[in-house]
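Chemist: Structure in structure tokens, see below.
Rule-based calculations on the coordinates, nothing more; no lab input. Note that this is a predicted model, so its numbers are computed, not measured. Cβ: placed from backbone, ideal geometry, glycine included. Neighbour counts: every protein chain shown.
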Amino acid sequence: MAATTTSRLARRLAPALVAVALGGALSACGSSSTASSTTTTTSGSTASVGSLAALSASAKSATYQAVYNLTQSGKTSTVTFSQSPPKYLFKLSSGVLTINDGMHSYYCTSNKKCLQISSKSPIQAQLGLFDGTYFQSSVNAYNIAAPLLKLLHVTVSYSSATYGGQASQCMKVEYTKTSTSATYCLSSTGVLTYLSAGGTTFTLTSYTTSPPASDFTVPAGYTTVTIPSIS
């Protein structure tokens, strides 16, 4: 999947926890006379909107490597995200990758050509999926919409699950009339373990708190070109 597609995906998934469920509910609001909102918690889960928002913020400073299966339009690919702040790696199975070595960012194409970029991170949108930024945006939207949710067929539920060997707390927002939903799961350290919205899913398959140092260097055999910073 192209990096630009991933960027659009990141922005679309950001508010999905609320918008996917709420969008359908709003369209039916005028014709509903028995609308209601419920919040449930399954056995083993102590999660809440507030606790998950706080948990997601901790991912920004965590050191780890996570590998995900990305399923979209019936196709599955692999996404690898490694982080040792301020260093990071974002890699697609297509061979496209972005690296920050702590000083510079590099965007590398599948033909092993890398551009050294001195300006803002070229994958700012994607980073939001992993550092909690977009989940927190969704929580803000949820808090604003909460009074309206009470008037609609929207449910918010919490559950426990395990992905990639990581015990996780999950939040699901669902518009029950159409079974449209979005689910977001975090590990005990705030790392994204599962995300499902709009027909797209991220599922954690492996995780380590010791990412290899090679994740944060341009791979051998790649050619690097520097682009001057634009003020």
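Chemist: Let me check I've understood the local charge: for residue 225, count other residues with C-beta under 12 angstrom from its C-beta, Lys and Arg +1, Asp and Glu -1. What total comes out?
Modeler: +2
Chemist: Can you tell me how much longer the chain between residue 104 and residue 189 gets when fully stretched, taken as 0.36 nm per residue apart minus their C-alpha distance, in nm with one decimal?
Modeler: 27.9 nm
Chemist: In whole Hz, with x marking every Gly and Pro, tabulate ³J(HN,Hα) for the stretch 162-171 from phi via Karplus 6.51 cos²θ - 1.76 cosθ + 1.60, θ = phi - 60°.
Modeler: Here the 3J(HN,Hα) series is 10, 10, x, x, 10, 4, 9, 10, 10, 10 Hz.
Chemist: Another question, then. Kindly rank 209-216, 185-192, 102-109 from highest to lowest mean number of other beta carbons found within 10 Å of each residue.
Modeler: So the peptides 209-216, 185-192, 102-109, ranked by packing, come out 185-192, 102-109, 209-216.
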